[in-house]
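The values are calculated or read from the model by the stated rules, or taken from the named source; none is laboratory data. All of these numbers come straight from a predicted model, not from anything done at the bench. Don't worry about glycine lacking a Cβ; one is built from the backbone with ideal geometry, like all the others, and counts go over all protein chains shown. The area values use the complete protein model at the heavy-atom level, side chains included, leaving out ligands, DNA and RNA. Shrake-Rupley method; radii C 1.70, N 1.55, O 1.52, S 1.80 Å.
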Amino acid sequence: MSGSEPGHRIESVATVYEGWGRLLLATLRTPDGSRITRQVEDHGDAVGVLPYDAARGTVLLVRQSRPPLIFRGEIESVYEVLAGRIDPGEDAESSARREAVEECGVTLGTLALVGHFFSMPAVSTERLSLYLAPYSLADRTSDGGGLAHDHEDIEVIEMRLDDLWAMGMPALADMKTAMLVLALRERLAAQAWPPVD
């Protein structure tokens, strides 16, 4: 492993915990010769997708219990785009399509890449690939809800775009969701949504 910041060099990495992800303790040498330690959370890369139906004026969002929010004493669930970790051997688009079926019961065709983003570069190695994806009612092939053996218990919400816009950014506490909603709004504005009859 090499340092990712000019002048910093990783001397050693110890695994503190390994499970779904890994918690690492990295020892670095700074440009002035000091030795420091930093925690690094590593669970691989992930995807996030916002399916939208411009013709019907809807999007698909999900809600599920999030233990970190419960731990904080916050609300138990927030509106989120469908998302998940990229499994070994998968590319980002394959993972996005798999997650869409598992979580929302929707089969996606075109995926429009919004970008690749580091979700929390001070702490985590995770890089998120974010997509917008058109869908239609015919693409809803199952109820979704996530994998039963993972106890995901995902609530699938088909929301009208007008209601989403009315909610505003404060209601979208999840950052990847807020980013994709802004990207969708920009895309639809360029296409003059809603369509004129």
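Screening GLY7 against (1) open to solvent by 40 Å² or more (accessible area, probe 1.4 Å); (2) of a type in the set (Gly, Ala, Ser); (3) in a helix (DSSP H, G or I) leaves a single unmet condition, (3). All but one of (1) at pLDDT 90 or above; (2) buried (at least 16 other Cβ atoms within 10 Å of the Cβ) hold for SER34; which doesn't? The single condition SER34 does not satisfy is (2). Among the residues making up segment 37-74, a single one is of a type in the set (A, V, I, L, M, F, W, C), over 21 Å from THR110 (Cα atoms) and in contact (Cβ under 8 Å) with a residue 60 or more places away in the chain: VAL40. Cβ-Cβ contacts under 7 Å between residues 6 or more apart (or on different chains), taken from a first residue in segment 111-125 that is at positive phi to a second residue that is hydrophobic (A, V, I, L, M, F, W, C), are listed as GLY115/LEU130. Taking into account only those residues within segment 107-123 that are among the hydrophobic types (A, V, I, L, M, F, W, C) and modelled with pLDDT of 95 or more, which is most open to solvent (accessible area, probe 1.4 Å)? Filtering segment 107-123 for residues that are among the hydrophobic types (A, V, I, L, M, F, W, C) and modelled with pLDDT of 95 or more, the one most open to solvent (accessible area, probe 1.4 Å) comes out as PHE118. Every condition in (1) part of a strand (DSSP E or B); (2) among the small types (Gly, Ala, Ser); (3) exposed (fewer than 13 other Cβ atoms within 10 Å of the Cβ) holds for ALA26 except the one numbered (3).
Scanning segment 126-139 for residues that are open to solvent by 50 Å² or more (accessible area, probe 1.4 Å) and more than 14 Å from the chain's Cα centre (by Cα) yields PRO134, LEU137, ALA138.
Kindly indicate whether any position in segment 41-57 is of a type in the set (Asp, Glu) and surrounded by 17 or more Cβ atoms within 10 Å (Cβ to Cβ). Scanning segment 41-57 turns up at least one residue that is of a type in the set (Asp, Glu) and surrounded by 17 or more Cβ atoms within 10 Å (Cβ to Cβ).
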